[in-house]
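Undergrad: First the structure, then my questions, so here it is.
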Amino acid sequence: MDKFIINGGKPLEGTVYIGGAKNAVLPAIAASLLASGISTISNAPQLRDVSTMCHLLRSLGAQIVFKDGVLTIDTANVNSFEAPYDIVKTMRASVYVLGPLIARFGKVLVSLPGGCAWGPRPIDLHLFGIKKLGAAISLDKGYINAAADTLHGAEIAFAKSSVGATGNVLMAAVTAKGKTVIRNAAVEPEITSLTENLVKMGAHIEGIGTSSLKISGVTSLEPLHTTVIPDRIEAGTFMAAGAIAGGKIILKNAEPSHLSAVIEKMRAAGISVKVGEEIIVESDGNILPADVLTDIYPGFPTDLQAQWIALMSVAKGNTVVEDTIFFDRFTHVAELNRLGADINVEANKAYIKGVDELKGAHVMSTDLRASASLILAGLRAKNQTEVHRIYHIDRGYESIEKKLQALGASIRRAPE
Ligand code: UD1
């Protein structure tokens with residue numbers, strides 16, 4: 001297992017290239033299962049979650065080549081419909097094969113994903129939607145067993161907006177007989193991207209980008225040829241890095257329109273953000289307090305909550321950060337406090353008293369975004385910080401230490 005060794009206090013300067021979005025490439029890979037033949041996905045990021053998804057598809061019979069950022073997926077010989085526990089337990093997003101496999105085979109066996117380090121993450125909405133399309137669902141030995149002779153269109157109103165459930169039900173519905181309406185559908189850019197991908201494959205979908213998706217079932221789909229949208233969470237993380245370390249960084253290949261809430265909060269925190277073809281973030285390291293409430297898109301993303309708390313830990317005043325999406329996603333707080341931050345968590349709110357300085361220490365990553373927040377704090381902290389158990393970070397950030405090194409940070413990966 002590796003760790004990061006960071007010597008903080010160096011301002012960042014230069015250009016960083018934002019990669020393809022993890023949360024867009026994973027459903028795109030799953031969608032390739034809907035058609036028999038060769039799909040290609042460009043601008044695919046080199047992430048462990050992508051390798052895990054490829055591993056899962058290979059176990060189903062797909063052949064995959066990943067070269068120069070392009071995934072070539074041949075699904076002609078897919079002949080299995082089981083997503084085993086060993087794979088699903090390492091990545092919840094494996095559950096994205098549920099929709100495509102029930103659509104293609106009329107049956108599917110998917111291991112229940114279980115909890116995360118920061119709490120239970122149910123899939124009841126996924127199952128509710130698939131059931132509405134006519135599948136019989138049973139739970140057996142930790143597996144979801146779904147079967148349907150034919151799926152048929154249905155009116156599906158989600159009680160809560162869910163990215164994963166919308167994606168799964170959408171993929172199941174595109175070849176279901178008749179019309180499906182999904183109400184309270186997620187409108188995250190990654191879902192809009194999935195919807196557009198399905199249309200490229202021949203699906204008939206109206207209301208793209210809205211919370212009301214109307215699908216007219218088609219009998220078959222063509223393979224997918226697409227380019228992955230930029231990762232707004234990677235972009236937001238680098239913006240926060242530029243802000244906390246101070247300096248001036250330029251983000252290339254980011255999509256500013258997906259980052260409106262983040263840009264607005266950065267500006268409220270006294271950070272200069274210029275938006276054109278590129279995003280330019282400039283900071284003298286003086287951060288103003290700016291409260292955040294995470295929300296569904298276009299609100300402030302929960303996937304940037306940990307990074308925002310790291311930034312606010314050195315703000316000139318007090319801040320409240322409330323997570324309305326995942327109530328107990330705060331495992332990074334205890335670790336940030338080891339670096340000298342002053343943060344208390346009550347229910348789903350973090351109360352942050354800005355401190356003058358953070359001091360290097362040994363800290364432990366507990367999940368993907370928590371790891372990012374500890375790296376950000378380490379960039380600011382005096383002396384040396386060691387971030388342990390960093391395997392989480394490789395799930396969702398491509399070569400984060402190399403990108404930070406190129407901006408002048410002192411960060412290196414070392415064996416434990
Ligand atoms: C996706 C993202 C994740 C992000 C999250 C919220 C991927 C691979 N992951 O996760 O990075 O943090 O969106 O933007 O895209 N819920 C239920 N029942 C369900 C499903 C969800 O109650 O069946 C609840 C969840 O507990 C949560 C809320 O709905 O409170 C939103 O979760 P959801 O949008 O489904 O998140 P994911 O798709 O798992």
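The values are calculated or read from the model by the stated rules, or taken from the named source; none is laboratory data. The shown structure was predicted, so the numbers you read here are calculated from the model rather than taken from an experiment. Because the Cβ atoms are built from the backbone with ideal geometry, glycine has one as well, and the counts that use them run over all protein chains shown. All accessible areas refer to the heavy atoms of the entire protein, side chains included, with ligands and DNA or RNA removed. Shrake-Rupley method; radii C 1.70, N 1.55, O 1.52, S 1.80 Å.
Undergrad: Out of the residues in the stretch 328-347 that are open to solvent by 30 Å² or more (accessible area, probe 1.4 Å), touching a residue at least 24 places away in the same chain (Cβ under 8 Å) and assigned to a loop (DSSP other than H, G, I, E, B), state the one that is nearest to Pro289 (Cα to Cα).
TA: Result: Gly340.
Undergrad: Tally time: how many residues in the stretch 270-289 are assigned to a loop (DSSP other than H, G, I, E, B) and surrounded by 22 or more Cβ atoms within 10 Å (Cβ to Cβ)?
TA: So the count comes out to 1.
Undergrad: May I pose another question? Which numbered condition trips up Thr195, out of (1) more than 24 Å from the chain's Cα centre (by Cα); (2) within 16 Å of the ligand (Cβ to nearest atom)?
TA: (1)
Undergrad: Separate question: What is the residue count in the stretch 147-169 for residues that are within 16 Å of the ligand (Cβ to nearest atom), aliphatic (A, V, I, L, M), surrounded by 16 or more Cβ atoms within 10 Å (Cβ to Cβ) and free of Cβ contacts under 8 Å to residues at least 60 places away in the same chain?
TA: Matching residues across the stretch 147-169 total 2.
Undergrad: With respect to Ser59, is the statement that it is of a type in the set (S, T, N, Q), assigned to a helix (DSSP H, G or I) and in contact with a helix residue (DSSP H, G or I) (Cβ under 8 Å, 6 or more places away or on another chain) true?
TA: yes
Undergrad: Could you figure out which of (1) closer than 14 Å to Thr175 by Cα; (2) in contact (Cβ under 8 Å) with a residue 24 or more places away in the chain; (3) surrounded by fewer than 22 Cβ atoms within 10 Å (Cβ to Cβ) isn't true of Val199?
TA: Answer for Val199: the failing condition is (2).
Undergrad: I would also like to ask the following. Among Thr226, Thr175, which is within 23 Å of Gly20 (Cα to Cα), away from the ligand (no atom under 14 Å from the Cβ) and either in contact (Cβ under 8 Å) with a residue 60 or more places away in the chain or in a strand (DSSP E or B) (or both)?
TA: None of the other options fit; the residue is Thr226.
Undergrad: All but one of (1) crowded, with 24+ Cβ neighbours inside 10 Å; (2) away from the ligand (no atom under 16 Å from the Cβ); (3) not β-branched (Val, Ile, Thr) hold for Ser216; state the number of the condition that does not hold.
TA: Going through (1) crowded, with 24+ Cβ neighbours inside 10 Å; (2) away from the ligand (no atom under 16 Å from the Cβ); (3) not β-branched (Val, Ile, Thr) one by one, Ser216 breaks only (1).
Undergrad: Just checking, does the stretch 3-20 include any residue being within 16 Å of the ligand (Cβ to nearest atom) and either surrounded by fewer than 18 Cβ atoms within 10 Å (Cβ to Cβ) or among the small types (Gly, Ala, Ser) (or both)?
TA: Yes, because at least one residue in the stretch 3-20 is within 16 Å of the ligand (Cβ to nearest atom) and either surrounded by fewer than 18 Cβ atoms within 10 Å (Cβ to Cβ) or among the small types (Gly, Ala, Ser) (or both).
Yes/no per residue for (1) of a type in the set (Val, Ile, Thr); (2) away from the ligand (no atom under 16 Å from the Cβ):
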residue: Tyr297; (1), (2): no, no
residue: Val363; (1), (2): yes, yes
residue: Leu374; (1), (2): no, yes
residue: Leu379; (1), (2): no, yes
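Undergrad: What is the number of the single condition among (1) away from the ligand (no atom under 14 Å from the Cβ); (2) touching a residue at least 60 places away in the same chain (Cβ under 8 Å) that Val187 does not meet?
TA: (1)
Undergrad: Follow-up. Within the stretch 362-416, how many residues turn out to be of a type in the set (A, V, I, L, M, F, W, C), in a helix (DSSP H, G or I) and open to solvent by 40 Å² or more (accessible area, probe 1.4 Å)?
TA: Number satisfying all stated conditions: 1.
Undergrad: Give just the number: which of (1) over 18 Å from Ala173 (Cα atoms); (2) away from the ligand (no atom under 15 Å from the Cβ) does Val88 not satisfy?
TA: (2)
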